[in-house]
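Right, one structure below, let's go through it.
What follows is calculated from the coordinates using simple rules that are stated; it is not laboratory data. Predicted, not measured: the structure shown is a model, and the values here were computed from it. Here the Cβ is made from the backbone with ideal geometry for all residues, glycine too, and neighbour counts use every protein chain on show.
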Amino acid sequence: MFRVAARTSQLLTPAPRWYPFAPCRGKKKKTNKRNSAPTDLDPEVASLINLSTFEANMQKAVDALRARYARIRASGASPGILDDIRVDAYGASTALKKLAQVSVRDGRTLLVSVFDEGTSNAVERAIRAAGLNLNPICDGPSKLKVPIPKPTEKAREGYAKVALQDAESAKVATRMVRRKAMDAVKDLKDDVGKEDLRRMENSVQQMSSKYIAVINKSLEEKVKSINAP
């Protein structure tokens, strides 16, 4: 058995980042003119393509990753781990968060306050059957106390692997958006000059690199959280 903490560096696999090339001090270095082009776009040229739409889609990939990370149980109590649970209530499968409010009672305990006492038993059964190794306890009318057990070493390793997979999925989504943005830029080759095309391509690449860096940072923080005592 090995500790996940020792594997953090192995789990983090940052994607290649783009950096503008510049001559090293004291050395003559050939400059890559394509990547060294400034990214400031003329307003008229910028109006031909809405890069903010592509950036918004990259942000969605990051937001989705953070939402998934909220559901990964680490060292403490997090209401997000119950977000995906569905309850058989009122003759239909209903999201638990529509039937109850989930809050943190203390560092290792969640408190589930059910809106309708008549659904308390159904909510309790759903939490037990969710495969999260959680055993809710009645804590008064319409209230359930959910102790969060300390994860085992094997469980931590599994959580870290899931976190890595989620990060890779977010990177794939971000790169797909980058590819679409690059294709949109190339479609303008007959309408703008080569220098403007380079500026737009650099803007897209820098945008992508920024969000890939955010994803890597989120992964690093999640792995640290998983390994926390």
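For the range 178-183, 3J(HN,Hα) computed residue by residue from phi via the Karplus equation (6.51, -1.76, 1.60; θ = phi - 60°) reads 4, 4, 5, 5, 4, 5 Hz, glycine and proline entered as x. Given +1 at the Cβ of Lys and Arg, -1 at the Cβ of Asp and Glu and no other charges, the dipole of the range 92-196 around its Cα centre is 380 debye to the nearest 20.
Remark on K143: its backbone amide H falls under 5 Å from those of V114, a criterion applied only to residues 5 or more positions apart or on other chains, H modelled at 1.01 Å from N. Under 5 Å from the amide H of T94 lie the amide H atoms of V87, D88, A89, each residue being 5 or more positions distant or on a separate chain, with H modelled from the backbone and absent for Pro and chain starts.
A Stokes-Einstein calculation at 20 °C with viscosity 1.002 mPa s, built on the Kirkwood radius of the range 56-191 over Cα pairs, returns a diffusion coefficient of 125 µm²/s. Rg/Rh for the range 166-222 (Cα atoms only, Rh after Kirkwood) is 1.12. Spin-label model, A213 to D139: label points 7 Å out along the Cα-to-beta-carbon direction sit 4.1 nm apart. Projected onto their three principal axes, the Cα atoms of the range 79-147 cover extents of 34, 25, 16 Å, largest first. In order along the range 144-153, the Karplus-derived 3J(HN,Hα) couplings, from 6.51 cos²θ - 1.76 cosθ + 1.60 at θ = phi - 60°, round to 10, 9, 10, x, 9, x, 5, x, 6, 4 Hz, and Gly and Pro are given as x.
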